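The numbers here are math on the coordinates, done by the rules we state, and not lab data. Here the structure is a predicted model, which is why all the values come from computation and not from measurement. A quick note on method: Cβ atoms are made from the backbone with ideal geometry, for glycine too, and the neighbour counts reach across all protein chains shown.
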Amino acid sequence: MRGSPGRKLARGPRRTAWTAGNETFQPDEVVVIALGEFLAGARRFTKVFEPGPRRALQGFFWTAGRLVLSVLDDLRPLFLSLTRITGKQHQSPGCRRSAP
């Protein structure tokens with residue numbers, strides 16, 4: 001079974017560490033993989049978000065081929081738009097921190 005080239009799969013945050021392939025992911029990290037690769041049995045996820053001491057994920061969604069992360073950064077809302085999931089990530093410059 002093959003997924004179309006543009007389709008992606010995101011794995012949302014968990015409360016405990018988990019392992020895929022040879023890599024262990026920590027709680028509340030968000031990882032992604034191309035859907036076709038996942039359906040073919042690959043488990044080479046790309047990490048796109050790691051929480052920090054003052055940074056927490058509120059949620060995420062896909063739109064127009066982009067993964068949008070809703071983040072609280074020092075209790076201020078921040079939206080990050082990622083345009084690629086394989087290789088280097090690119091954050092869209094139009095997504096900025098909301099005014100305080």
Among Lys47, Lys8, what is the fewest-to-most ranking by other Cβ atoms within 10 Å?
Lys47, Lys8
Hey, with R₀ at 35 Å, roughly what FRET efficiency would Arg76 and Ala40 work out to, going by the Cβ-Cβ distance, to 0.05?
0.30
Environment charge of Thr24, counting only residues whose C-beta is closer than 15 Å and scoring Lys/Arg +1, Asp/Glu -1:
+2
Here the Cα Rg-to-2.2 N^0.38 Å ratio for segment 8-82 is 1.13
Simple spin-label estimate for Glu50 and Thr16 in nanometres, 7 Å along Cα-Cβ
2.3
